[in-house]
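Worksheet for the structure shown next.
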Amino acid sequence: MGNVIWFFVTVGVAALAGVATSLAMRPIRLARLAEKLARAQRDFHRQREQLEAKFIDRAAATGKPRGLRWSDVDFDDDVLYVRERRTGCLKALVAIEVSFEAIEGGGMEEVEAVSTIRAATAEFLYDTNRWVTEGRVYFNLLPTATVKYLGSDLELVAEEHGGSRG
């Protein structure tokens with residue numbers, strides 16, 4: 001009987017030590033996350049011009065929307081940084097305005113709405129320690145609406161407003 005009590009006391013003390021260690025490490029983990037975010041934000045601004053060009057190339061290469069050619073993309077200065085809940089992957093979302101022109105023979109030449117400028121969100125991914133883009137675009141959604149739309153998958157990490165392009 002004494003051994004059983006001693007066993008439960010030992011297990012209880014070990015569990016309390018584990019909880020205390022976890023709580024003590026939390027500020028360190030938060031500081032590391034803040035440092036990683038700050039580095040990622042600096043890197044995004046340093047690479048932004050190349051990332052935007054790569055985004056346009058990749059998005060246009062998807063062939064979407066069908067029958068249209070990407071003719072112009074205007075990127076907003078503001079950036080929303082979000083994290084994928086499942087993987088922890090950091091992303092940057094930027095509002096864009098996209099202009100299209102009909103591709104000859106693509107079936108869209110007579111559609112009046114082709115010339116309408118479309119609001120959308122461009123997505124950029126932080127892959128380990130560098131920014132990349134797959135040309136993923138969320139049409140008809142600004143970045144904040146994209147976060148709400150994908151709320152079960154994304155969480156807001158940081159928001160930067162204009163004037164910070166470099």
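Counting other Cβ atoms within 10 Å, which GluC sites (Glu not before Pro) in region 126-166 have at most 15 and lie in a DSSP loop?
Working: sites: Glu134, Glu155, Glu159, Glu160; in loops: Glu134.
Listed in order of number, the matching sites are Glu134.
The stretch between Ser152 and Ile117 holds 9.7 nm of extra length on full extension. This uses 0.36 nm per residue minus the Cα-Cα distance. The slack between Ala61 and Val13, meaning 0.36 nm per residue of separation minus the straight C-alpha distance, is 11.3 nm.
A DSSP coil position with no more than 10 other Cβ atoms inside 10 Å describes the following trypsin sites (Lys or Arg not before Pro) in region 30-70: Arg66.
Excluding same-chain neighbours fewer than eight residues apart, the aspartates and glutamates reachable from Lys148 by a Cα-Cα span under 14 Å are Glu84. Could you compute the net charge surrounding Ala61? Neighbours are other residues with a C-beta less than 14 Å from the C-beta of Ala61; K and R count +1, D and E count -1. Net charge around Ala61: +4.
The lysines within cross-link reach of Lys36, meaning a Cα-to-Cα straight distance under 17 Å and a gap of 8 or more places when in the same chain, are Lys91. One decimal place: the segment Leu37-Val132 gains 32.7 nm when fully extended, by the rule 0.36 nm per residue minus the C-alpha distance.
A short reminder: the numbers here are calculations on the coordinates, not readings from a lab. Bear in mind the structure is a predicted one, so any value in this text is a computation, not a measurement. Here the Cβ is made from the backbone with ideal geometry for all residues, glycine too, and neighbour counts use every protein chain on show.
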